[in-house]
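Sharing a structure here in structure tokens format.
Computed from the coordinates by the stated procedures, all read-outs in this text should not be read as laboratory data. Computed from a prediction, not measured in an experiment: that's the story for all the values here. We place every Cβ from the backbone using ideal geometry, glycine too, and count neighbours over all the protein chains shown.
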Amino acid sequence: MIEITDIYGRAFKTLRVSLTNTCNLGCVYCVDESDQNRFQKQDILSSNELITQKALSVDEFIEVIRSLHEILGLETLRLTGGEPTLYRDLVPLLKGIRGIGISAIKMTTNGYLLSHKIEQYAEAGLTSLNISLDAIEPEPFFQMSRRRNIQKILEGIIRAVELGLEVKINCVVMKGLNENQIIPLLNFAQRYNIRIRFLELMQMGHLYGNFEEYFFSEQDILDVIAAHTSFVTLPRDPSATAKYWELANGYQFGIISNESDPFCNDCNRLRVDSYGNIYGCLSDNTSIPVHEHLNEPDIMEEKLRQALSKKKKKFSGSTLSMLAIGG
Ligand SMILES: Nc1nc2c(ncn2[C@@H]2O[C@H](COP(=O)(O)OP(=O)(O)OP(=O)(O)O)[C@@H](O)[C@H]2O)c(=O)[nH]1
Ligand SMILES: C[S@@+](CC[C@H](N)C(=O)[O-])C[C@H]1O[C@@H](n2cnc3c(N)ncnc32)[C@H](O)[C@@H]1O
Ligand code: SF4
Ligand code: SF4
């Protein structure tokens, strides 16, 4: 292991691996309307730049993850995307990652394909799931995701809870589109004792520089919940994205406030995209290829230092969409 820290004491301990930059939903904050018809079929680097590279194979992903773990001593690995459940060899990949010895293997998914596959994922080593759900009623769900059949996602969530996995729900709140879903979602999450986190809209991809119309702040979200029930603020965990609040009955909900209260000061996240390039910051487009240098520790160290130097003091958006960089 090598100590790679910046002047603020930040080091990479969480690896977020994007398995694909394609998706089976079309969330309005993530996919531009004009990209809708092509993003499922082709790889999209940004809204107007198509690339022809193929996503890494299982063996290639394992090689990259193993090499980064040996250098950094990773504590957590999170699979994401695009939609990670679309990666065809997800089960072998999970087994391979378990073999590397990273203690927590997590995934962020839209849940659309979960209900039939979740047993296999759990058996293969998945320990925890964050499932994105922006509405509980069919019409606002369609407004947010451009897809029908929310029932499939709810079944997947309930199945994951039944299997004993740690499950959280992520809900991006957009003014005028789904703020009326905050209380129904909070009620649903409480019923199944799942922590829910409400996410402030982030200016990424097609929303870069143009998100204020839809922005619903941490304070706006708290105001909606306060009109319904009382709560107290909990202390924030180190390196966490979310802050949490506790209701009188002990139930805890979170908010991820990228704009109102950025959490860059103790950020420990490194990203790998589906082609094996690393990114030091969600808010920086610099893609650093590493797969040709995995067995060259000096070069890897230099590249990781370069990635760490990209971290920000405050999230300031990105022209890359979450699909491309791995949310
Ligand atoms: N600025 C910033 N936001 C991030 C980063 N990673 C995650 N987020 C935000 O957190 C949201 C939820 O991310 P998840 O994939 O659920 O991961 P997480 O919040 O780190 O998960 P937990 O470890 O379970 O709390 C994302 O959609 C972003 O809004 C990051 O590195 N930088
Ligand atoms: C990019 S997705 C990838 C994983 C998976 N497809 C999913 O939706 O969970 C990861 C997370 O990023 C969030 N996200 C994507 N674009 C966002 C934006 N512009 N602002 C806030 N959150 C965003 C999604 O809601 C999701 O919770
Ligand atoms: S947020 Fe996730 S589910 Fe929605 S379009 Fe983006 S990658 Fe797909
Ligand atoms: S914007 Fe960059 S530095 Fe800030 S929390 Fe996200 S990845 Fe970390």
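Before rounding to the nearest 500, sum -39500 (n - 2.57) across all DSSP H runs of length at least 4 in the chain and divide by the residue total; then give [θ] at 222 nm in deg cm²/dmol. Working shown, then result.
Details: 9 runs with 93 residues, N = 327.
After summing the helix terms and dividing by residue count, I get -8500 deg cm²/dmol.
Which lysines, if any, have their Cα less than 16 Å from the Cα of Lys54, not counting same-chain residues under 8 positions apart?
Counting by Cα, and skipping residues close in sequence, Lys54 has these lysines nearby: Lys41.
Order of Asp32, Asp266 from fewest to most other C-beta atoms within 10 Å?
Arranged by neighbour count, lowest to highest, Asp32, Asp266 become Asp266, Asp32.
While we're looking at this one, here's another question. Take the alpha carbon gyration tensor of the range 207-317, find the square roots of its eigenvalues, order them as a ≥ b ≥ c, and report rounded if a/c is under 1.5; if not, report prolate when a/b exceeds b/c, else oblate. Mind dumping the intermediate values first?
On the way: a/c = 3.37, a/b = 2.12, b/c = 1.59.
Prolate.
Can you return the aspartates and glutamates within cross-link range of Lys175? Criterion is Cα-Cα under 13 Å, with same-chain partners fewer than 8 residues away left out.
Asp134, Glu200, Glu212, Glu213, Glu218, Asp220
Counting other Cβ atoms within 10 Å of each Cβ, which trypsin sites (Lys or Arg not before Pro) in the range 217-298 have at most 15 and sit in a DSSP loop?
Working: sites: Arg236, Lys243, Arg269, Arg271; in loops: Arg236.
Passing both the DSSP loop test and the Cβ count: Arg236.
In addition: Going highest first, how would you order 139-147, 198-206 by mean Cβ packing within 10 Å? Don't skip to the answer; put the middle values down first.
Values: 139-147: 18.2, 198-206: 22.9.
So the peptides 139-147, 198-206, ranked by packing, come out 198-206, 139-147.
Which of the three applies to the chain, rounded, prolate or oblate, going by the alpha-carbon gyration tensor with a ≥ b ≥ c and a/c under 1.5 meaning rounded?
Numbers: a/c = 1.41, a/b = 1.36, b/c = 1.04.
Verdict is rounded for the chain.
Kindly put Val31, Val64, Val232, Val173 in sequence by how many other C-beta atoms sit within 10 Å of each C-beta, fewest to most.
The most exposed by this proxy come first: Val232, Val64, Val31, Val173.
Determine, for each peptide in 111-119, 318-326, the mean count of other beta carbons within 10 angstrom over its residues, then list the peptides with the highest first. Could the numbers behind the result be given before it?
Numbers: 111-119: 18.9, 318-326: 23.9.
Final packing ranking: 318-326, 111-119.
Please compute the modelled spin-label separation between Glu246 and Ser309, points set 7 Å along Cα→Cβ, answer in nm with one decimal.
4.4 nm
For the pair Ser230 and Arg191, what calculated FRET efficiency results from E = 1/(1 + (r/R0)^6), where r is the Cβ-Cβ distance and R0 = 25 Å, to the nearest 0.05? Could you put the intermediate results ahead of the total?
Values: r = 19 Å, r/R0 = 0.77.
Once the sixth-power term is evaluated, E becomes 0.85.
Shape call for the range 122-253 from the C-alpha gyration tensor, a ≥ b ≥ c root eigenvalues: rounded (a/c under 1.5), prolate (a/b greater than b/c) or oblate? Please report the intermediate quantities before stating the final value.
Details: a/c = 1.43, a/b = 1.13, b/c = 1.27.
It comes out rounded by the Cα gyration axes.
Arrange Lys106, Lys13 by Cβ neighbour counts within 10 Å, fewest through most, would you?
Details: Lys106 20, Lys13 15.
Listed from fewest to most nearby Cβ atoms, that is Lys13, Lys106.
Another question about this same structure. Identify unpaired cysteines across the chain, taking unpaired to mean no other cysteine Cβ lies under 4.7 Å from the residue's Cβ.
Result for the chain is Cys23, Cys171, Cys264, Cys267, Cys281, no neighbouring Cys Cβ within the cutoff.
Can you tell me the relative contact order of the chain? Whole percent, Cα pairs under 8 Å, sequence separation 6 or more. Before the final figure, lay out the partial values.
Details: 672 pairs, mean separation 75.9, N = 327.
The normalised contact order for the chain reaches 23 percent.
Roughly speaking, what is the stretch gain from Ile158 to Glu212, that is 0.36 nm per residue apart minus the C-alpha to C-alpha distance, in nm to one decimal? Don't skip to the answer; put the middle values down first.
On the way: separation 54, 0.36 × 54 = 19.44 nm, distance 3.41 nm.
Taking 0.36 nm per residue and subtracting the Cα distance, the gain is 16.0 nm.
Take every DSSP beta bridge with both residues inside the range 14-325 and express the antiparallel ones as a percent of the total, to the nearest 5. Write out the running numbers ahead of the final one.
On the way: 14 of 47 bridges.
So the antiparallel bridges amount to about 30 percent of the total.
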